[in-house]
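The structure appears right after this line, and notes come after that.
Just so it is clear, none of the values below were taken in a lab; they were calculated from the coordinates. The shown structure was predicted, so the numbers you read here are calculated from the model rather than taken from an experiment. All Cβ positions, glycine included, derive from the backbone under ideal geometry; neighbour counts span all protein chains shown.
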Amino acid sequence: MKLDPFDKVVKKRNGFPLLILGGAGLLGLILAAFFWLMGDIEKPQVTIAADSVQIGLDKQVSFEIKDAKSGLRSIEVALVQENKKVLLFGKTYPRKGYLAGAGPQKIEETIEIKAKELGFKDGAAELVVTAADFSWWNWLRGNSTVNASAITIDTKPPMISVMESPTYIKGGGAGVVVYRVSEPAGRHGVLVNDIFYPGFAMPKRGEGVYGACLGLPYDIAVIEKAFVVAADRAGNEAKAPFTMALHVRKVVSDKITISDGFLSAKLPEFASHYPELAGTPVEQYIKVNNEVRAANYKKIQEVCAKFQPERLWDGRFGRMEGSPRAGYADHRTYLYNGEKIDEQVHLGVDIASLEHANVEAANRGLVVFAEYLGIYGNTVILDHGQGIFSLYSHLSQIEVPLHTMVEKGTVIGLSGTTGMAGGDHLHFGLLVNGIFVDPIEWWDEEWLKIHMLSVL
């Protein structure tokens, strides 16, 4: 059977429209991409950190620049004052393609500005950020943003006057330093050796007056440095020294025998909270008494890192009725079968009363911790404001929810044996900015009046 030549022509003609349609589709895609790029009229977005409005002697300034479509092509940051302009940061990014994302879509940078070294004077200036993208808009020049932020250059540190400070203080003791800062302060407080105690405003004492509660570690041997530190809002920092006579604390030693009965009673509790415990019972005990103890103290410091700026407490701190079982800063040696296996320092006071006795809030405060805490067992921590905290441990039951304001004498739990407790008792601790101090001072009304309340 012969094919009609006309059939061949028809078949060829039937393929021709498909070719036209395919070409039109490809052209459409090209045009769509072109107009998408041409239609990218969104300018790069510039965000400068809020604390950059004041520039001091040495300032870290952070900024973020975004361009979600074509991506960033170039960035410049300059400091401008009158006729003076200094480029602080400049970067051009290579093109990675001709469609979306030709450049980075987000850039975060931090630059250091030393205004005085750069020849700028104190006063008004501008921080100018210029960013351009890879858009085909504007005849291939792309979109650009110029963000000019008014700033103030201030390179003079504030003046500090120390108004009051403790005459003497002992290891594990507490006190208050009062100081005046000549201008509104940013970060401020007291630095003793390497420990920083953040300050708080004392408006009743006058404008620009601040205070900081400090508590010294039990084992401090010498005060190498003691300064009030304050930085203004531009970041300029000043220091003012003060002196205190240090009474070194005497060492009190104690020995505790660890029995097999104690280990068999306590280790299952710890294993339920720390399933990674392994080894012999003694090895597990040593791990809990060291590694878990250290992790618990780190958590306590985290809890105490933020405090209510106003004083919530008033008057003498209450003491649970009962017999003292261990004192603050007792140096404990732990014995097993007559041999030393560990040693630690006890940073609180143990008080034994009736079994499951009511444990009351020692003073008015905010519940900032109420849960299980390793060697401390069920624990409640109260924030009394201005860096003062109290801790109640080994509770059999917790009676107050988190974030509750409790009055002095409120029952917050029941005494017990949770954690590293051999018998029913309360472990009571006092902390100043995360440092355990001697609770006995806080039970002494006369001491509180002289050293704390008369100042605060």
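With contacts taken as Cα pairs under 8 Å and at least 6 residues apart, the stretch 45-88 reaches a relative contact order of 29 percent.
Over 27 Å, how big is the tail of the calculated P(r) for the stretch 252-438, in percent of all Cα pairs? Don't skip to the end; give the middle numbers.
Working: 4375 of 17391 pairs.
The calculated P(r) of the stretch 252-438 puts 25 percent of pairs beyond 27 Å.
Normalised size of the stretch 160-247, defined as Cα radius of gyration per 2.2 N^0.38 Å with N residues, equals 1.05.
Taking Cβ atoms as reference points and 12 Å as the exclusive limit, the residues near His247 contribute a net charge of +2, counting Lys and Arg as +1 and Asp and Glu as -1. In plain terms, the C-alpha convex hull of the stretch 317-364 casts an average shadow of 4.7 nm² when viewed from every direction. Applying 0.36 nm per residue to the separation of Thr280 and Glu42 and subtracting their alpha-carbon distance, the gain on full extension is 79.0 nm.
Suppose only helical runs count, i.e. DSSP H with n ≥ 4. What mean residue ellipticity at 222 nm does that imply for the chain under -39500 (n - 2.57) per run, divided by all residues and rounded to the nearest 500 deg cm²/dmol? Could the numbers behind the result be given before it?
Numbers: 6 runs with 74 residues, N = 456.
Rounded to the nearest 500, it is -5000 deg cm²/dmol.
Were the residues from Asn337 through Leu267 laid out at 0.36 nm apart, the gain over their Cα-Cα distance would be 23.4 nm.
Return P(r) of the stretch 41-182 (all Cα-Cα pairs; 10 Å bins starting at 0; whole %; ordered from short to long distances). Computed distribution, short to long bins: 11, 32, 22, 16, 10, 7, 3, 0.
The modelled label-to-label distance for the pair Ala49/Arg205, using points 7 Å beyond Cα in the direction of Cβ, is 3.0 nm.
Of Arg95, Arg332, the sequence from fewest to most neighbouring Cβ atoms within 10 angstrom is Arg95, Arg332. For Lys114, go through the lysines and keep the ones whose alpha-carbon is under 27 Å away, minus same-chain ones fewer than eight residues off. The qualifying lysines are Lys59, Lys66, Lys84, Lys85, Lys91, Lys106, Lys156, Lys239. P(r) tail for the chain: Cα pairs beyond 39 Å make up 49% of the total.
Of Met244, Met420, the sequence from fewest to most neighbouring Cβ atoms within 10 angstrom is Met244, Met420.
Can you tell me, using C-alpha contacts under 8 Å and at least 6 residues apart, the relative contact order of the chain as a whole percent?
Details: 1071 pairs, mean separation 52.8, N = 456.
Answer for the chain is 12 percent.
Couplings 3J(HN,Hα) for the stretch 234-241, derived from phi with the Karplus relation 6.51 cos²θ - 1.76 cosθ + 1.60 (θ = phi - 60°), are 8, x, 6, 10, 10, 10, 10, x Hz, where x marks Gly and Pro. A cut-off of 5 Å between modelled amide H atoms, ignoring neighbours fewer than 5 places along the same chain, links Gly101 with Ser70, Gly71.
At full extension, Ala148 and Phe242 could sit 29.5 nm farther apart than now, given 0.36 nm per residue minus the alpha carbon distance.
Annotation: amide H of Ser135 within the under-5 Å range of Asn143, sequence separation 5 or more or interchain, hydrogens built in the peptide plane.
As a calculated quantity, the FRET efficiency between Glu310 and Ser161 at R0 = 22 Å, using C-beta atoms, amounts to about 0.45. Note on Glu117 and Lys298: with the Förster distance fixed at 51 Å, the Cβ-Cβ geometry gives a FRET efficiency of about 0.85. Note on the stretch 234-359: along the principal axes its Cα atoms extend 57, 39, 31 Å, ordered by decreasing extent. Applied to the stretch 46-52, the Karplus parametrisation 6.51 cos²θ - 1.76 cosθ + 1.60 on θ = phi - 60° returns per-residue 3J(HN,Hα) values of 10, 10, 10, 3, 4, 7, 8 Hz, with x for Gly and Pro.
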